[in-house]
1. In Å, what is the Rg of the alpha-carbon atoms in region B:463-564, and how long is Dmax?
2. How far, in nm, would the chain grow between B:GLN4 and B:TYR471 when pulled straight, counting 0.36 nm per residue and subtracting the alpha carbon separation?
3. Report the residues of region B:215-248 in range of a label on B:ILE198: point 7 Å along Cα→C-beta, backbone N strictly under 16 Å from it.
4. Please determine, in degrees from 0 to 90 and to the nearest 10, the orientation of helix B:74-86 with respect to the longest principal axis defined by the Cα atoms of chain B, where the helix direction is its Cα long axis.
5. One quarter of the convex hull surface, Cα atoms only: what value does that give for region B:1-116 in nm²?
6. Hey, what do the phi angles of region A:50-60 turn into as Karplus ³J(HN,Hα) couplings, whole Hz, using 6.51/-1.76/1.60 and θ = phi - 60°, x for Gly and Pro?
7. Over all pairs of distinct alpha carbons, what does the Kirkwood formula give as the hydrodynamic radius of region B:159-247, in Å?
8. Give me the three principal axis extents of chain A from the C-alpha atoms, as integers in angstrom, largest value leading.
Amino acid sequence: MSEKQKKATAYWKQNVRYLFILLAIWFVVSFGAGILFKDALDAVKIGGFKLGFWFAQQGSIYVFVILIFVYVRLMNKLDKKYGYNE
Amino acid sequence: MSVQTWTYILVGLTFALYIGIAIYSRAGSTKDFYVAGGGVSPLANGMATAADWMSAASFISMAGIISFAGYDGSVYLMGWTGGYVLLALLLAPYLRKFGKFTVPDFIGDRYYSKTARIVAVICALIVSFTYVAGQMRGVGVVFSRFLQVDINTGVIIGMVIVLFYAVLGGMKGITYTQVAQYCVLIFAFMVPAIFISIQMTGNPIPQLGMGSTLNDGSGTFLLDKLDGLSTELGFNEYTNGSKSLTDIFAITLALMVGTAGLPHVIVRFFTVKKVKDARKSAGLALLLIAILYTTAPAVAVFAKTNLINTVSNENYSNMPVWFKNWEETGLLTFDDKNADGKIQYVADKDKNELTIDNDIMVLANPEIADLPAWVIALVAAGGLAAALSTAAGLLLVISASVSHDLVKKVFNPNISDKAELWVARGAATVAVGIAGYFGINPPGFVAAVVALAFGLAAASFFPAIVLGIFYKKMNKEGAISGMVVGIILMLFYMTKFKFGWFGGGTEADWWFGISPEGFGSIAMIANFIVAIIVLQFTPEPPVDVQEIVENIRIPSGAGEATGH
């Protein structure tokens, strides 16, 4: 494997690792907190919101936005590290 | 000034603005026409994507649907935003690096096959046409209610406007008008929401107002109050749904994956300069969308509480003016079954006397809350901005599918750039005509077919694109059979349970208890499985295709989008 090829493989592996972590969070806040564990979380109340209901109609959306911006930051750093930035 | 005068002024001003932008940024080449010359900034693209995505359904219908569905409405909130995470992480950067004009371009090249390209074109056309018909109808509804013109005249006015700037400006004209339309629609959505939030809870931020206590000195939380009112009238508790857990899960997944697979959204990411910009602009798009999507559930709660308080058990003769106005449109009907002159709004179908169309909740909300005339007019302008921006984006996908994917790539590869541009304009014109026809004569199954559009996108494009990027060895046989099985399965299930074909069926016959709306997730999984099984028995893709995949995984050197 050439040097260039090795670099590309390492970059891709790290990228896929980031994707797994971020998509795990994506799954937990929406399908987890907003759907599967909604009833359990509803026992907790923050202000007028039952927590599970809040995740389903508000919280998950905020987390989605944050996730994309975290991804943008991580990837910009990774691009720089491997010299793929332009 | 009256509501009507205000509406004429605001709608007139916004339309003049859109046309001005279209003339200023008209397209000179196919590249301008398909991908706006490829030089759109991430923020402008984010705003354009947000306007493109938020249709008449998001602006006019969604809050109303949530109002009546309560917790069950969460599927739309999570589904239509969570898809952007998939889009940003799994699709947009790689498709931008690939650097072509359309989604069928990617499918056709990555799977080295004309068949794959044609399957993709057919899917893109079905998805986009069903969508655009709904938008035209939305334009008609707004015109007929707020400008007192006939609904069909409304559709025709909308057609002329869209035709003008989509045909003249192509993607370039559309992008910059969408930027303006985003500003109009978000302002129009937020102003009444903030007014009502202050009125009901004293909190100017609707997202927080929704979880605050009522302003009436009782100290009751708004959501508790609404839960109480709902159960009193025999409905489910607002914060608890009636759909099964499996179905909620399946619908949310299908909407997320469908969102990520919609061609008119994906194609927006071909318009930015670099891979880096594609990622960033996906984030900005979702941020801008989230402003509306986190406000909508608050509007739903305010509107529902207001509505129940205004109508429940009140005398029909005491109803405010807005009630009569909406009765005239037929979107609100009162049938005094027990002839006591009072309005019974209850869950029991035999006793309920009030039927309310979902769409009223946002459009009538400012009137119900007694807001000034200019706010009511603003909502009309916002609804039009939402419908027009989405219609224009869809029309572009349709015209590009015909002129680029069919005429240029399949029938006549030697066509000149100039001739292709004229074919694209011609195709857009024909598409506007067809969309307008469906807007004026809406087939009874529009609503059903819009859900089908998401299911189709989920069952066809998403797996093919994701496998194309993340599974280097995926070959054309696998991808094509996956797409075909996915679409056919989805079409079969939808037509069986929505139109009663193939023996029909009721809720009890649903597979795994999943509704047709949620079945896209099953069809998508079937697509993945079939593709991977077929792959085991068919030859690997050629080396040069595997090199394309290696190449799109590296963000640098994206160059400019090209059709050649």
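1. For region B:463-564, the Cα-based Rg and Dmax read 17.8, 54 Å.
2. Details: separation 467, 0.36 × 467 = 168.12 nm, distance 5.71 nm.
Residue separation times 0.36 nm, minus the Cα-Cα distance, leaves 162.4 nm.
3. B:215
4. Roughly 30 degrees between the two axes.
5. Details: hull surface 46.4 nm².
Over all viewing directions, region B:1-116 projects a mean Cα-hull area of 11.6 nm².
6. Along region A:50-60, the couplings run 6, 4, x, 4, 4, 4, 5, 10, 9, x, 4 Hz.
7. Numbers: mean 1/r = 0.0601 Å⁻¹.
For region B:159-247, the Kirkwood estimate is 16.6 Å.
8. So the three principal-axis extents are 58, 23, 13 Å.
Quick note: the coordinates plus some simple rules give every number you see, no bench work behind them. Everything numeric here is computed off the predicted structure, so don't read it as measured data. Positions of Cβ are backbone-derived with ideal geometry, glycine not excepted, and every protein chain shown enters the neighbour counts.
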